[in-house]
Every structure is written in C-alpha cells, then in structure tokens.
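The values are calculated or read from the model by the stated rules, or taken from the named source; none is laboratory data. Quick caveat, the model's predicted, so the values are computed rather than measured. Positions of Cβ are backbone-derived with ideal geometry, glycine not excepted, and every protein chain shown enters the neighbour counts. We work out accessible area using only protein heavy atoms, side chains counted, and drop any ligands, DNA or RNA first. Shrake-Rupley method; radii C 1.70, N 1.55, O 1.52, S 1.80 Å.
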Amino acid sequence: MSDQLSTLLSEERRFPPSPAFASEAVATQALYDQAAADPLAFWEAEAKRLDWSTPWDSVLEWELPHAKWFSGGQLNVSANCVDRHLAGARRNQAALIWEGEPGDTRTLTYWQLYQEVTRAANALLALGVKRGDRVAIYLPMIPEAAIAMLACTRIGAVHSVVFGGFSAESLRDRINDAQAVCCITADGGYRRGQILSLKRLADEALAGCPSIHSCLVVHRGQGIDPTACPMKEGRDHWWHRSLEAQAPDCEPAAMEAEELLFILYTSGTTGKPKGIVHTTGGYLTQAAATTRHVFDLKDGDVFWCTADIGWVTGHSYVVYGPLANGATVFMYEGAPDWPARDRFWSLCAKHGVTIFYTAPTAIRAFMKWGIEHPAKHDLSRLRLLGSVGEPINPEAWIWYHLHIGRERCPIVDTWWQTETGGIMITPLPGVVTTKPGSATIPFPGMDIELVDTTGTPVARGGGFLTIKSPWPGMLRTIYGDDARYYETYWSRFPGRYFAGDGAKIDADGYWWILGRVDDVLNVAGHRIGTMEVESALVDHPAVAEAAVVGKAHDLKGQAIAAFVTLKEGFTPSPSMRDELREHVAVKIGAIAKPDDILFAADLPKTRSGKIMRRLLRDVAEGRALGDTTTLADPGVVAKLKAEYESLE
Ligand code: PRX
C-alpha cells in the first residue's frame with residue numbers, strides 16, 4: 001500500500017474544468033456553499049425534486065446508528081422513475097436503449113417502459129407477491145432486469161438482486177436469508193458467445209428454498225430454445241405469458257420514506273455475506289442528486305454505466321439515479337471483448353453515448369489491449385467519463401483521459417460503497433480541478449473525516465475513512481442482524497461510520513483512497529471476503545485449513561492467493577488445485593476462484609494459534625518477510641516463501 005501511495009502522491013498533474021464545460025455545468029460552486037451552510041436544507045431541496053404523494057414531517061431523525069430521513073413522507077420509486085416523465089416530450093424519449101451481446105437491440109421509450117413495469121407489477125400481484133415481500137432477481141443484463149426492479153418498487157415489494165455470476169449456492173443462501181417468496185430469472189444470457197442458463201442454476205438453488213412460492217422466467221430469445229428450459233408445474237411461469245395477461249396500468253403503492261426498497265448482499269469480514277438494507281426516500285434522493293450533479297446530466301444525454309445490475313453501481317447508476325432524472329440509459333448485456341476488443345467503443349459510437357462510467361480494472365484491460373481499438377471509433381459524442389470501484393492508478397487515469405476522453409472530457413473518480421447507497425467523494429466536473437488518482441473532495445452535504453487509530457481527526461496525512469453525520473442514502477441496517485450492523489460499522493470509532501477503507505488527504509485537502517484495511521478483497525472491482533473464500537475451501541473434503549490473502553495484480557487490482565493444508569491421505573497435485581478452484585466457483589461463483597493455490601504443510605501461526613495473514617501477504621507479493629518473531633515456528637514461513645517462488 002505504501003508503494004502505491006507514493007506513486008499516487010507523486011502525481012503532480014492538474015486538470016481544471018474547461019471554461020466551456022464549467023459555464024454550462026449543472027452543478028456550480030453554489031452547491032458546496034449551500035450544503036456547507038445548511039446540509040439538511042440542501043438535502044431537503046434535493047428531495048423536493050422528487051414527486052412525493054405526502055410531504056415529510058422531519059428531514060432527519062438521528063439516533064445513532066439509526067437514521068430516519070424524510071419521516072412521514074410518502075412516495076413511490078417507480079412513479080418517480082417512470083410515470084412523472086410521461087407528461088411532456090419525455091413520454092416518447094428513449095428510457096432504455098439496450099444491446100445484447102449477439103447484437104440484437106431494443107429501445108423502450110418512457111411510455112413503453114411504463115407499460116412493461118405496470119404489467120410486470122400486476123403479474124407479481126397476480127402471483128400473490130405482497131407489499132414488503134422479498135423478491136430475488138437473478139437475471140442477465142437485459143431490460144427485464146430494470147423492469148423487474150421497478151415492478152417490485154411499484155407494489156412495495158423488496159428486491160434482492162443477485163449477480164448472475166454467483167453460483168446456485170450463493171443464490172440459495174441469499175434467498176433463504178431474505179426469505180424471498182418469488183424469484184425472477186431467465187432461460188439464458190450471453191457472455192463471450194456462450195449461453196449461461198441462469199434458470200438451471202436457479203432450479204438448483206430453489207430446491208433448497210422453501211420460502212419461494214413462484215418463479216418468473218424471462219425468455220431471452222435470440223436463438224435460445226424455450227422448450228429446453230424445464231418449467232416446474234405450479235411454481236414456474238413464463239414472464240412474457242404472465243405479462244401478456246395483465247393490463248398496462250397499476251396504481252403505485254404509496255411507500256413510507258423509511259420502508260424497505262431493496263436488500264443487496266455484499267461481502268464483509270466473516271464468511272457470510274451481509275444483506276445491506278436500503279430504504280425508499282433517502283436512497284432515491286441521493287441516487288438522483290448525485291447522478292444529476294456528478295454526471296452533469298442534461299437533456300439529450302445517453303448515459304452508460306457499465307456495471308452489472310447485480311452490484312450497487314447497477315442499482316444506483318443504471319436504474320434509479322438516471323431514470324429518476326428522466327435520462328436515456330444505455331445498457332449492454334455482454335463482455336467488452338466480444339466479438340472483438342473494440343466492442344465498447346463501437347457501442348459508444350453506434351448509440352451516441354455521451355457519459356461513460358466504468359471501473360479501473362476495465363480501463364487497465366483496455367490499456368493492455370491497445371489504443372487501436374478506441375482509435376477506430378467516433379467517440380466525439382462522449383463528454384464526461386467516470387470511474388468507480390477501486391483506486392484508479394494515474395497511468396490508467398491519463399490513458400482514459402487521452403484515448404477515450406480525447407483530452408476533452410472531465411473524469412469523475414467516485415468513491416462510495418454498497419453501504420453508502422450513492423456517491424460520497426467525487427469531483428463536481430464543472431467546479432473541481434482533478435488530479436489523476438484522487439477522488440478529490442466530498443460531495444456537497446457529506447460529512448467525511450479521516451481519523452487515526454485512536455479516532456482523532458487527521459486534517460492532512462493518512463488514516464481511516466469515517467463518516468461523521470448520517471446521509472440520505474446510508475444503509476439502515478443489515479437484514480435480520482441489527483447487532484452486526486452496529487458492530488461492523490459504528491463500533492470501531494464510536495460515533496462514526498467506519499467504511500473499512502484507508503485514505504490520505506494531501507496538502508490541498510484532496511482525498512486519495514488507498515483501499516480496504518480489513519479482510520475484504522477488491523478483485524477486478526468485485527468485493528470478496530477472504531473468509532468467504534476460506535470457508536469455501538475448507539468445505540472441500542480434502543482441505544484441513546485454508547488462509548486467503550490478496551496480492552497486487554496489474555489488471556485486477558488484487559488477485560486471490562490461497563494457502564491450503566490438506567488432510568491426511570490427500571496429496572497436493574495440479575488436479576487437486578483445479579478441483580479446489582472449481583469448488584470455490586461452485587460455492588461462490590467464478591469471480592472468487594483463487595489465482596494461486598499453494599499447498600502448505602503448515603501455516604504461519606502465532607503461539608496462540610492465530611494465522612498471520614500479514615506474512616502470507618508478504619509471501620504472495622514476493623516481499624521480504626516482515627517481523628516473524630511472534631511465530632510459533634519461524635521456519636514455516638521461510639519454507640512457504642521458497643515454495644511460493646517456485647510456483648510462479
Ligand atoms: O474500497 C473501496 C472501493 O470499493 C469498496 C466498496 O465496494 P462495493 O461496496 O462493492 O461498491 C463498489 C462500487 C461503489 C470501497 O470500500 N472503492 C469504490 N470506489 C472507489 C474505491 N476505491 C477507490 N476509489 C474509488 N473511486
């Protein structure tokens with residue numbers, strides 16, 4: 001981390017907003033001034049941009065760690081994202097432009113989206129889904145993913161979207177934790193030319209999910225044979241048939257501001273993912289406000305956030321933020337290198353994308369693939385670029401600026417988390433001078449502070465990123481485990497939310513996010529807990545003990561290195577290594593497969609038996625070993641180091 005920090009901080013380049021961009025920008029300095037003078041009035045003004053059926057009585061009620069925003073107010077998310085855009089010219093404007101990986105396309109105007117959402121909402125009601133019920137969504141990146149989410153919000157059902165790359169077991173655990181009553185999936189989705197049958201995985205999961213009473217199955221089309229998809233009598237229903245039978249009209253449920261909107265599972269420091277709970281009014285206020293101000297949203301923009309709907313970025317910046325603002329969203333189903341490495345740029349040119357938001361890991365892959373791919377395409381409509389998910393190294397930032405932004409487009413590097421619901425630290429593109437690698441300064445109204453190990457504020461220098469005051473989009477709890485909510489986020493530094501990230505503030509007051517300081521990995525922008533991977537490994541009958549650490553990786557940011565001791569009677573071999581990697585894919589999903597597995601006779605432990613992960617990280621990253629004096633047997637780690645080196 002310190003190497004990375006010194007590279008970051010030696011970055012001297014400055015990119016002020018161009019006068020042309022600044023003069024037309026949605027957000028101006030006044031926003032910072034207003035929020036600084038009265039943060040609650042600032043958020044109240046942002047909330048007023050939404051449609052409420054009943055106004056709130058109080059902006060904020062705060063009793064640590066529980067916040068209530070806009071208490072007494074009522075609104076409906078789908079009405080805000082769809083209905084309110086039907087009155088004027090937006091009615092016939094594209095809400096969603098979608099392209100499938102094979103090249104099939106669909107466009108839904110706001111009016112068409114309204115019809116789909118209301119039909120889907122009626123279909124859910126017809127299946128017996130009620131307000132407050134949980135609905136699991138396990139879909140590829142197709143328009144139905146957004147439609148399904150919005151349909152849930154229309155009737156007050158709580159969605160739990162599960163990333164299509166997660167395994168059947170992961171889906172099952174999430175469904176059972178939330179006690180979901182309905183699952184929405186598809187008979188297939190395209191990824192690198194292959195068809196992934198999500199329904200097959202869902203069937204496997206649902207066999208162990210007694211709370212599910214119905215399953216809606218979207219027919220993906222495009223060469224996928226629906227007769228090949230087994231349908232379970234009484235439980236499974238084709239989405240298109242169910243929607244056909246319904247009227248395109250459904251009264252939106254008037255939801256309390258603090259009623260549950262969605263649960264989204266994310267990794268923490270234990271083996272069990274946490275169900276992050278977001279509620280209605282505050283979340284939508286922050287998603288809408290940040291989309292408008294950070295992405296400088298204007299009429300005519302085509303907004304492409306490349307995140308999958310299975311992650312929080314897909315929730316806030318593919319669906320809720322842009323649609324609440326009446327924007328045109330572009331959505332793509334497949335891989336960036338299919339059928340060729342210029343696919344993203346050909347999509348930008350073809351669909352006239354003006355705002356493009358992606359992750360550093362993708363930018364580093366584009367760099368490796370070469371500038372000829374973007375160079376072939378007309379990217380002149382692009383006017384703003386964004387980055388999210390992990391620290392962006394200055395080299396990648398500059399490459400993005402030169403070869404995608406063609407030196408014209410501001411870059412917004414946005415720091416936030418599943419838990420924060422929306423962007424927290426970011427430049428406002430018409431106001432803030434950017435520095436490659438820095439997320440710059442907190443969004444207006446955000447009370448973020450760096451502290452040292454004792455919780456004392458640090459004005460300049462390094463420390464832990466904490467949030468001092470509640471913010472509208474903050475998580476409200478962990479589903480079914482409020483004690484864990486307090487313990488995880490509010491206990492380390494009393495009175496503050498602790499994000500789990502380390503950061504540094506430079507002489508100009510700019511924030512440089514350094515990454516996680518807990519046992520959470522960030523692998524290609526995906527958040528994975530070391531304990532989850534360890535639990536998956538020890539679940540294999542051959543494994544006695546496993547320790548997992550992250551190691552720096554050029555493209556992915558971090559890669560997973562696992563140290564495994566086998567039980568008596570099992571021998572290390574390349575096939576055992578493959579079997580273990582496959583086992584992790586089955587337990588969690590392919591994204592969690594370890595890159596390296598080292599079979600070890602012993603793991604380095606303290607005399608009290610605690611595995612010293614710090615030393616394992618030294619081994620995995622090929623560094624000189626740190627202090628080994630507290631080890632029960634210092635010989636163990638030297639041996640591991642020699643073995644690891646021969647592995648590579
Ligand atoms: O470590 C930070 C990193 O991603 C973590 C949150 O992951 P997740 O909940 O999956 O949400 C990702 C998308 C919002 C953070 O704790 N992170 C996110 N954005 C940045 C970042 N690190 C550095 N710079 C960022 N812009």
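General remarks:
- The single condition from (1) within 11 Å of the ligand (Cβ to nearest atom); (2) without any contact (Cβ under 8 Å) to a residue 40 or more places away in the chain that Ile425 fails is (2).
- Pairing each residue of region 29-58 that is closer than 14 Å to Phe443 by Cα with any residue that is assigned to a helix (DSSP H, G or I) and open to solvent by 40 Å² or more (accessible area, probe 1.4 Å), provided the two are 6+ apart or on different chains, yields C-beta distances under 6 Å for Phe42/Gln34.
- Cross-chain or 6+ apart pairs with Cβ under 7 Å, region 411-422 first and under 21 Å from Gly268 (Cα atoms) and more than 8 Å from the ligand (Cβ to nearest atom), then of a type outside the set (A, V, I, L, M) and open to solvent by 10 Å² or more (accessible area, probe 1.4 Å): Gly422/Trp416
- Failed criterion for Asp413 (all others in (1) in a loop (DSSP other than H, G, I, E, B); (2) among the acidic types (Asp, Glu); (3) surrounded by 22 or more Cβ atoms within 10 Å (Cβ to Cβ) hold): (1)
- Members of region 493-509 that are open to solvent by 40 Å² or more (accessible area, probe 1.4 Å) and within 14 Å of the ligand (Cβ to nearest atom): Lys504
- Cβ-Cβ distances below 9 Å connect the following pairs, each with a first residue in region 605-624 that is surrounded by 21 or more Cβ atoms within 10 Å (Cβ to Cβ), a second residue that is of a type in the set (Asp, Glu) and not in a helix (DSSP H, G or I), and a separation of six or more residues or different chains: Leu615/Asp627; Ala620/Asp596.
Every residue, every condition in (1) within 16 Å of the ligand (Cβ to nearest atom); (2) in a helix (DSSP H, G or I); (3) open to solvent by 10 Å² or more (accessible area, probe 1.4 Å), yes or no:
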| site | (1), (2), (3) |
| --- | --- |
| Pro374 | no, yes, no |
| Pro391 | yes, no, yes |
| His403 | no, yes, yes |
| Gly430 | no, no, yes |
| Leu475 | yes, no, no |
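- For region 275-311, filtering for residues that are open to solvent by 10 Å² or more (accessible area, probe 1.4 Å) and within 16 Å of the ligand (Cβ to nearest atom) leaves 4.
- Any hit, region 339-357, residues being more than 27 Å from His315 (Cβ to Cβ), open to solvent by less than 10 Å² (accessible area, probe 1.4 Å) and not charged (D, E, K, R): no
- The helices (runs of 4 or more DSSP H) falling completely within region 36-149 that include 2 or more residues that are within 30 Å of Trp338 (Cα to Cα) and assigned by TED's automatic domain parsing to the domain that holds Ile478 map to 110-126.
- Within region 257-274, if we keep just the residues that are among the charged types (D, E, K, R) and within 12 Å of Arg476 (Cβ to Cβ), the residue that is surrounded by the fewest Cβ atoms within 10 Å (Cβ to Cβ) turns out to be Glu259.
- Candidate set from region 432-445 (those that are hydrophobic (A, V, I, L, M, F, W, C) and crowded, with 24+ Cβ neighbours inside 10 Å); member that is farthest from the ligand (Cβ to nearest atom): Phe443
- Failed item in (1) of a type outside the set (D, E, K, R); (2) assigned to a loop (DSSP other than H, G, I, E, B); (3) crowded, with 18+ Cβ neighbours inside 10 Å, with Ala601 passing the rest: (3)
- Thr606 polar (S, T, N, Q) and either in the same structural domain as Ala396 (by TED's automatic domain parsing) or touching a helix residue (DSSP H, G or I) at 6+ places or on another chain (Cβ under 9 Å) (or both): no
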